[in-house]
Amino acid sequence: MLGELVVAAMQCTEFDVEFQPVDMAFWQAFALPPRPGFTVRLRIEIERPRPAIPLIRTRARVRETGVTSLSGQVLGTGSVPLSGAEVSVPSLRLTTRTDHRGGFRFTSVPTGLASGSLRVRARGLERTVPLAGSAGRAAPLVIHFDIKEG
């Protein structure tokens, strides 16, 4: 009976028949001794309706902006550098961690990043720092993040 099933599956172009032995984990999962077998694969295609995409009726406006870096240092209580703090610019979806000196650097941010903020997370606490014009400035940004021991 198994032979007839294999021949029937091989004659149908919709099926792919594989003769590799079934993995031992399969037999163990069903607590059965290994038996002769084969695998029949059936390709299934599901046609999904495509969503209507509205036409764009206005010209695209392109605004050029320069790219610069944003760097700084996160300091904890007593001006001790905080290593491993998560620093992110949520509006740009950028995230990094501070090094052993509390330093961080984003290499490509828009020059004069006027809108947005920097979010710092360390030891279960979070602080938000406004970024008005911080990108592209010469001096690194210094963020004081006081952590109270408790």
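The values are calculated or read from the model by the stated rules, or taken from the named source; none is laboratory data. Fair warning: this is a prediction, and the values are worked out from it, not measured in the lab. Side chains are part of the model used for accessible areas, which takes the heavy atoms of the whole protein and leaves out ligands, DNA and RNA. Shrake-Rupley method; radii C 1.70, N 1.55, O 1.52, S 1.80 Å.
Which residue fluctuates most in the GNM of the chain (Cα springs below 10 Å): Arg61, Arg35, Arg123? Highest fluctuation among the options: Arg35.
In this view, the solvent-accessible surface of Glu14, computed with a 1.4 Å probe and all protein chains in place, comes to about 120 Å². Sorted largest first, the spans of the alpha carbon positions of region 35-108 along the three principal axes are 68, 60, 18 Å.
Three principal axis extents describe the C-alpha atoms of the chain; from largest down they are 80, 56, 24 Å.
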